[in-house]
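The values are calculated or read from the model by the stated rules, or taken from the named source; none is laboratory data. All values reported here derive from a predicted model rather than from experimental measurement. Cβ placement follows ideal geometry from the backbone for every residue including glycine, while neighbour counts extend to all protein chains displayed.
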Amino acid sequence: MRGMLPGKTVNAEEAGLRKGKPAAKKAAPEAEEAELLFDKTYICPVCEREFTSKTVRSGKAFPDRMDIDLRSRYKNIEPIKYRVVGCIRCHYAALDVDFSSPLKREVDAFRDSSSEIRLDANCLEEVRSFRDALLLLRAALSISLIKGSKNSERAGIALQTAWLLRSMGEQQVKTEPEETKPEEKNAVSFAEMEQKYLRYALQYFVKARQLEDFPIRGMDEGTFDYLLAALCYETGQPREAHGYVTKALRNREINRKLRRMAEDLLAELRSS
């Protein structure tokens, strides 16, 4: 069972109602999402093309709560859809935090490869669909393997992919009629795919802990061990989860919020 911190969701439709007056006309979801984006300029490290990519305005995305595996949820947008930056000329793609800073050997490896990866310009539309975002994440993961990137970079892409699939499953449940049989729901396949990518993320993060120096993906040792514990828990490995969460709690530098989450996870492990 996946835990998450408590949070509230704003009911936008109710917020627009006034007694005795008709509700204000609500903008289309695509238009609302477009208002939360802006064009950020990038220079492709492979072909040196300058281009812009849609990015979420940090001050416009409202945080709601956090899942057990540190995925931040937002009330009004799914930022993961815009995490991948892609160059349509040479078809190089990576997470936004990694796009501009590949090592020379990685650029050379991508240039020398006979990769058949071709980014679809439609996937880079102003408002991305979940499907297009998933295609971009899969392309970024494949490219990370081609260029021989760090294990932590591959893990980061896999984890973002799992989180996106989680969102897709939740969206499917909201939009399908209640009478749909569980075995007919696409959410089942989304859950299965999410598990696959959580395992990929765990596999690469474990390697990263052995081979890379901290901070890893911006995480200190305590945060990293907690994340490993959460991923083990989510993928059905309670013994390994117990080991990592205990290690995280022994870290004196772990922050208060994360310590509470680690204590909750340890209590769940002990009771299950």
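Structural remarks
Per-residue answers, yes or no, for (1) closer than 30 Å to K104 by Cα; (2) at pLDDT below 90; (3) outside the structural domain of E106 (by TED's automatic domain parsing):
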| site | (1), (2), (3) |
| --- | --- |
| K26 | no, yes, yes |
| V46 | yes, no, no |
| S53 | yes, no, no |
| V56 | yes, no, no |
| I68 | no, no, no |
| E78 | no, no, no |
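- The residues of region 41-71 that are surrounded by 14 or more Cβ atoms within 10 Å (Cβ to Cβ) and in a strand (DSSP E or B), listed by number, are Y42, F51, S53, K54, T55, V56, D64, R65, M66, D67.
- Scanning region 72-122 for residues that are outside any strand (DSSP E or B), among the hydrophobic types (A, V, I, L, M, F, W, C) and touching a helix residue (DSSP H, G or I) at 6+ places or on another chain (Cβ under 7 Å) yields I77, I80, I88, A109, F110, I117, L119.
- Among the candidates G222, G243, G218, the residue that is over 25 Å from E192 (Cα atoms) and in contact with a Cys (Cβ under 9 Å, 6 or more places away or on another chain) is uniquely G243.
- For region 194-222, residues that are without any contact (Cβ under 8 Å) to a residue 60 or more places away in the chain and in a helix (DSSP H, G or I) total 18.
- Scanning region 53-96 for residues that are charged (D, E, K, R) and either under 13 Å from the mean Cα position of the chain (by Cα) or within 19 Å of D132 (Cα to Cα) (or both) returns K54, D67, D69, R71, R73, E78, K81, R83, R89, D96.
- Residues of region 213-239 that are farther than 21 Å from W163 by Cα and of a type in the set (A, V, I, L, M, F, W, C): F214 alone.
- Residues that are within 19 Å of the chain's Cα centre (by Cα) and crowded, with 16+ Cβ neighbours inside 10 Å were ranked within region 97-127; the one that is nearest to R65 (Cα to Cα) is V127.
- Listed conditions (1) acidic (D, E); (2) at pLDDT 95 or above; (3) surrounded by fewer than 16 Cβ atoms within 10 Å (Cβ to Cβ); (4) within 23 Å of the chain's Cα centre (by Cα) are all met by E170, apart from (2).
- Residues of region 138-166 classified as in a helix (DSSP H, G or I) and closer than 22 Å to K104 by Cβ, total: 14
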